[in-house]
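Here's the structure, in structure tokens; my notes come after.
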Amino acid sequence: VTFSGPFAYGVFRGTADFGIFDLSTGHPTDYPLPMEGERIFVLEDQELILVDHGRREGAFTVFRGSEEPSMDTARVFENVFLRDLLGQELP
Amino acid sequence: MNWTTRLIGTLAACGVMLGASAAVAQTTDGGEDVAAEAEVDAASSWTGHGVGIAVRTGSQYETDPGFDALGDANAFPAGGAVELDYRLDYLGVDGLTTFATARWTGRSAERFSGQTDFDWTRGLYMLGAQYGPWEFGTFRPLARLAAGYSTQRLAVSTSQPTMSDRTHDLAGMGSIGFEWLTPRGFIKGAPMRLGLLGQVGYLAQTSAEFDDLNSESDDDWSRAALDLGTLPTSGVFWDLGINLVYEW
């Protein structure tokens, strides 16, 4: 769980979604993820919500924080840690 | 299957075919005279035209670090190749042949303790010409040049949906080799010749840019493409093969 302003953001174990809790009312709202999340971050300067899916190869979903989270406002980054792999000499 | 096993299999197949063609050429009484006469007739009637079909297999050597993702060995199977050639001796240039070749190869590897699977395939399609003077009418050394098109596909499978990309490049080949054919008239009753082929050379190709691997997932999430980098696939290669030539 992470906090930003009047909201708390959290991911759930065992389900592919995350929740935003209005701390003033206690009202939770669930939003879908492409896969189960492990950690969630709020980047206030960039107005982004970043979900780390905890995959060994690196998988992240980024939502535009200025809009309600949905598939239309999200972009999924997969196998991030394999970037430029062909240019590296491997053991 | 390693390269020694492929070589033995290729040579064994050639031995079986040559043995069968020798049995066809044999006759009863006066067989040697008939065979010699057939060979003379076939040679004198040849107008310089001929088409051949060949199959080849071999290996290519690759030492660029970019290939480390596809395995530890510095060589990969050059795969299988099919060639069609057309003899141009009727133009007055003895031993000149044009050919079209299609070659397919691939390599798969598990890396990072089996967590990541790479699957790479390549298809080469080239046109070329080869020249070599005939020695004793059955054997010749060859110099070969070809150029054409290459397409490669690289797929990466992890705990996430498979991502893949296909590239299109230019390719060229230069090699020296040999061709050995059975004498004309050896196969009685048919203007056909069986043969062995071999070559060693260098395959040059523009580097494949695998910078747009897209997910094969069918859900509605927008996914960013993956840039794996550049994979150079030029290198020294060799192959052996067998061919069948029809002349008229």
| How about chain A: which GluC sites (Glu not before Pro) there are in a DSSP loop, with at most 15 other Cβ atoms within 10 Å of their Cβ? | A:GLU38, A:GLU44, A:GLU47, A:GLU67, A:GLU89
| request: Note the full-extension length gain between A:VAL1 and A:PHE41 as 0.36 nm times their separation in residues minus their Cα-Cα distance, in nm to one decimal. | output: 13.5 nm
| said: Let me check something: with ligands and nucleic acids excluded, how do A:ASP72, B:ASP239 order by accessible area (1.4 Å probe), largest to smallest? | reply: A:ASP72, B:ASP239
| For a label point 7 angstrom out from the Cα of A:ASP17 toward its Cβ, which stretches of segment A:69-85 have the backbone nitrogen within less than 14 Å? | A:69-71
| request: Report the FRET efficiency, 1/(1 + (r/R0)^6), for B:TYR131 and B:SER217, where r is their Cβ-Cβ distance and R0 is 56 Å, rounded to 0.05. | output: 0.60
| query | In square angstrom, rounded to the nearest 10, how much accessible surface does B:TYR61 have for a 1.4 Å probe? | reply | 110
| message | Can you give the local net charge around A:LEU48? Use residues other than it whose beta-carbon is closer than 12 angstrom to its beta-carbon, Lys and Arg +1, Asp and Glu -1. | response | -2
| With every protein chain kept in the model, how would you rank A:ARG64, B:ARG144 by accessible area, 1.4 Å probe, largest at the top? | A:ARG64, B:ARG144
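Given a Förster distance of 41 Å, report the FRET efficiency between A:ARG83 and B:TRP180 from their Cβ-Cβ distance, rounded to the nearest 0.05. Could the numbers behind the result be given before it?
Values: r = 50 Å, r/R0 = 1.23.
Rounded to the nearest 0.05, the efficiency is 0.25.
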| field | Compactness of chain A - radius of gyration and Dmax, Cα, Å | value | 14.8, 54
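Taking each residue of A:70-83 in turn, how many C-beta atoms of other protein chains fall within 10 Å of its C-beta, and what is the average? Could the numbers behind the result be given before it?
Working: counts 0, 4, 3, 1, 3, 4, 9, 4, 14, 14, 2, 3, 13, 5.
For peptide A:70-83, the averaged partner shielding equals 6.
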| According to a simple spin-label model (label point 7 Å from Cα along Cα-to-Cβ), what is the distance in nm between A:THR25 and B:SER234? | 6.6
| request: Find which of A:LEU50, A:GLY5, A:GLY87 sits farthest along the positive direction of the dipole of chain A, computed with +1 on the beta-carbon of Lys and Arg, -1 on that of Asp and Glu, about the Cα centre. | output: A:GLY87
| field | Buried accessible area, chains B and A (both chains, 1.4 Å probe, Å² to nearest 100) | value | 2600
| task | Tell me the label-point distance for the pair A:SER66, B:ALA204, using the 7 Å Cα-to-Cβ offset, in nm and rounded to one decimal. | result | 5.2
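Translational diffusion coefficient, Stokes-Einstein: compute it for segment B:193-248 using the Kirkwood radius over C-alpha pairs as Rh, at 37 °C and 0.692 mPa s, and state it as an integer in µm² s⁻¹.
Values: Rh = 15.7 Å.
Translational diffusion coefficient: 209 µm²/s.
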| field | Packing-based ranking, highest mean first, of B:97-107, B:113-123 given that Cβ atoms within 10 Å are counted | value | B:97-107, B:113-123
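The values are calculated or read from the model by the stated rules, or taken from the named source; none is laboratory data. On a predicted model such as this, the values are computed, not experimentally measured, just so you know. Positions of Cβ are backbone-derived with ideal geometry, glycine not excepted, and every protein chain shown enters the neighbour counts. Side chains are part of the model used for accessible areas, which takes the heavy atoms of the whole protein and leaves out ligands, DNA and RNA. Shrake-Rupley method; radii C 1.70, N 1.55, O 1.52, S 1.80 Å.
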